[in-house]
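Below: the structure, in structure tokens.
No value in this document is a laboratory result; all are computed from the given coordinates. All of these numbers come straight from a predicted model, not from anything done at the bench. Cβ placement follows ideal geometry from the backbone for every residue including glycine, while neighbour counts extend to all protein chains displayed.
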């Protein structure tokens, strides 16, 4: 009887140990959806690769408390409606505990309400502010954003960086040229709202469609208003086209692009026209010029090493300002899950709001219940194109 009891006890302990081991090894499923096709695929595809690179690094270092990250991927096809469909699949079929993405502000806004309704922590990789804005702003209701966060800097932070630079240079009369999509409208909102704070006068405003192939009429209209600089707010190839049009018109005015443009592709598309163009950026493209005392330099240097020397992603997708967003999104979620000691979405959300001093590629993140981004102006630098390269602006 004693031997039987001992044998049964052994079996019970072994079964429990195996169960605990299996539970410990159960992957942490995170949804990751980006524009892998369509107009924004040039941004979405490398973002997906970086997300996997970040997950691989965490997994090689032991995962999240012994549990590996499993990314469940989805393609938004650069379409807001498709983004909603993928998001719903993450919830109903894949049973993820958190989500990162999408690529564009319009798609982010399309899934914002879904995230709030489902109470699913979603770390977005979009540039626009509306995804984390709440309540009424003017005549627009942005709803709630308790479960929505974002890794890239706010548009308002980039505007502050631009305006601070222009003010320092004594350039206080500007013309605005903005895209008519959600990202461009978000930039226009902040450019107008924050201008008085910096003593900036907007002497003219023009708009274009992201698909337009000639912005010379808008630029000529702005030039007629005698601004001291032109500020353009758009992402993708449209920015390079504006630069070429600006050069073709022979405008002797500084052209300032937004934080979505620092990318070797911009210089490639704009060619010689890009020379002298200015834009705010994460520190990623200026890492070699950073002082060793900068807390981000070590993190960014390791990111660049993995991206270029280990994964060789730079062969198809040169490093740009977008490159670190998914890395930061995955890293922030991993820290929140470790801190919460749980994969329960509500606890992950609460832990995200309490992250302090997280050193990432895009900045040092300090989040709070009133700030679901956690980055300020110190996370950005002003770049200028000189001799076909991005360098820190004087």
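Listed values, structure above:
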read-out: The chain: relative contact order in percent, alpha carbon pairs under 8 Å with at least 6 residues between; value: 15
read-out: Helix 155-168 vs. the chain, principal-axis angle (Cα, 0 to 90°, nearest 10); value: 40
read-out: Residues 87, 317, 390 arranged by fewest to most Cβ contacts within 10 Å; value: 317, 390, 87
read-out: Relative contact order computed over the stretch 243-394 (Cα-Cα under 8 Å; 6+ residues apart), in percent; value: 29
read-out: Among (i) 0.96; (ii) 1.08; (iii) 1.05, the entry derived from the coordinates for Rg/Rh (Cα atoms, Kirkwood Rh); value: (iii)
read-out: Residues 212, 139, sorted so that the one with the fewest Cβ neighbours within 10 Å comes first; value: 139, 212
read-out: Principal-axis tilt of helix 105-118 within the chain, Cα atoms, nearest 10 degrees; value: 30
read-out: Dmax and Rg, reported as Rg then Dmax, of the stretch 193-238 (C-alpha, Å); value: 12.0, 34
read-out: Taking all pairs of distinct alpha-carbon atoms in the stretch 148-237, Kirkwood radius in angstrom; value: 13.5
read-out: 146, 189 arranged by Cβ crowding within 10 Å, fewest neighbours leading; value: 146, 189
read-out: Over the chain: helical MRE at 222 nm, DSSP H runs n ≥ 4 each giving -39500 (n - 2.57), nearest 500; value: -12500 deg cm²/dmol
read-out: Of 365, 208, 34, the one that fluctuates the most in a GNM where the chain has Cα springs shorter than 10 Å; value: 208
read-out: Helix axis angle, 237-248 relative to the chain longest principal axis, alpha carbon, degrees; value: 20
